[in-house]
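Report on one structure; see the data block that follows.
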Amino acid sequence: MADLPEPVANDDSRPLDINLVGQSPHVFAYRMWYRRHDDADWSEFAAGDTEDDVPDHNPTGPHPDGTQIVMNVAIGGKPNSTFRFVVTFGQGGQVVQGGTFVRTGKTGANGGAGRKLTVILV
């Protein structure tokens, strides 16, 4: 079954700022795409990681309501260790309604894991 997108409030006249913050001693690498409701293809707009200790703010848009955003996150660290990261969606310097996502889990025996976040702007 496909992941259903989670609704995130959107002002279609303002750009979004998407921020990923690691909250455990792991490296989080990510890629992000958007697809507006009338687009046939996905457009990549951000890629990065938390290894460099530079804040991971990623601007995009403005986007119309109905736009989907997908974020794939690869996690690396000690084998069988618990990880935690937070993703926020903001506009105008404030986190929007429904715009905070906390993801947790455990790395495998090889020290790796992955997570996917899918949202729809409403």
- Item | Filter pass, Gln94 being polar (S, T, N, Q) and without any contact (Cβ under 8 Å) to a residue 12 or more places away in the chain | yes
- Message: Only one of Val54, Val27 is of a type in the set (A, V, I, L, M), without any contact (Cβ under 8 Å) to a residue 24 or more places away in the chain and out of contact with any helix residue (DSSP H, G or I) (no Cβ under 9 Å at 6 or more places or on another chain). Can you tell me which?
- Response: Val54
- From the set of residues in the range 36-61 that are buried (at least 17 other Cβ atoms within 10 Å of the Cβ) and over 20 Å from Gly114 (Cα atoms), which is nearest to the chain's Cα centre (by Cα)? Thr60
- Name the pairs whose Cβ atoms lie under 9 Å apart, with the first residue in the range 1-20 and surrounded by 13 or more Cβ atoms within 10 Å (Cβ to Cβ) and among the small types (Gly, Ala, Ser), the second assigned to a loop (DSSP other than H, G, I, E, B) and at pLDDT 95 or above, and 6 or more positions between them or separate chains? Ala9/Val122
- Task: Pairs only if they're at least six apart or on different chains, beta carbon under 6 angstrom, first in the range 105-122 and touching a residue at least 24 places away in the same chain (Cβ under 8 Å) and closer than 14 Å to Arg84 by Cβ, second part of a loop (DSSP other than H, G, I, E, B) and of a type outside the set (A, V, I, L, M); list them, first residue then second.
- Result: Thr107/Gly77; Thr107/Ser81; Ala113/Thr107
- Item | Members of the range 37-52 that are modelled with pLDDT of 95 or more and in a loop (DSSP other than H, G, I, E, B) | Asp41, Trp42
- List the pairs whose first member sits in the range 79-91 and is more than 24 Å from Asn110 (Cβ to Cβ), whose second member is aliphatic (A, V, I, L, M) and outside any strand (DSSP E or B), and whose Cβ atoms are under 9 Å apart, counting only residues at least 6 apart or on separate chains? Phe89/Ala9; Gln91/Ala9
- Message: Give me the residue from the range 99-117 that is closer than 21 Å to Arg35 by Cα and surrounded by fewer than 15 Cβ atoms within 10 Å (Cβ to Cβ) and, out of that set, farthest from the chain's Cα centre (by Cα).
- Response: Thr100
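The values are calculated or read from the model by the stated rules, or taken from the named source; none is laboratory data. Please read these numbers as outputs of a predicted model, since none were measured by experiment. Counting neighbours? That spans all protein chains shown, and the Cβs are built from the backbone with ideal geometry, glycine included.
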